[in-house]
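The values are calculated or read from the model by the stated rules, or taken from the named source; none is laboratory data. All values derive from a computational prediction rather than experimental measurement. A quick note on method: Cβ atoms are made from the backbone with ideal geometry, for glycine too, and the neighbour counts reach across all protein chains shown.
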Amino acid sequence: MYNGVLAAVVLAHAFVDWPNLRGHVSLDMTLGLFFFAVLANVCYCTAYVVDVFVQFSGLHRQWRVGRFALLVVGTAFAATITHFIAKGFAGP
């Protein structure tokens, strides 16, 4: 779900901004996109540290509800950051 949402944001920007983006496509841009994709997945994986801690703390019943809420909020936040980064790739 997480990677799919972020990919949809990037593809939507690429589709809408294709006339401006076509002149900027390069190896550096591709490597930049790869870097940001890896960084997004590293940020996603840090949630597992909190998840393991909470599950061993005795709050696992309450965490089942909060876990999904955290996924939705975190994905929306990441999609917002991705929107601004993708918008910057197309240039002014």
Inset, instruction - Kindly establish whether Ala40 is within 20 Å of Gly4 (Cα to Cα), surrounded by 15 or more Cβ atoms within 10 Å (Cβ to Cβ) and aliphatic (A, V, I, L, M). - result: yes
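Checking the condition of a type in the set (Gly, Ala, Ser), part of a helix (DSSP H, G or I), over 10 Å from the mean Cα position of the chain (by Cα) and under 16 Å from His83 (Cα atoms), which residue from Ala14, Ala7 passes? Before the answer, list the steps.
Details: Ala7 fails: over 10 Å from the mean Cα position of the chain (by Cα).
Just one listed residue meets the conditions, Ala14.
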Inset, instruction - Name every residue in region 21-48 that is over 21 Å from Ala79 (Cβ atoms) and over 18 Å from the mean Cα position of the chain (by Cα), in order of residue number. - result: Arg22, Gly23, His24, Val25, Ser26, Leu27, Asp28
Inset, instruction - Give the residues of region 45-81 that are modelled with pLDDT of 85 or more and either surrounded by 14 or more Cβ atoms within 10 Å (Cβ to Cβ) or more than 25 Å from Leu6 (Cα to Cα) (or both), sorted by residue number. - result: Leu71, Gly74, Thr75, Ala78, Ala79, Ile81
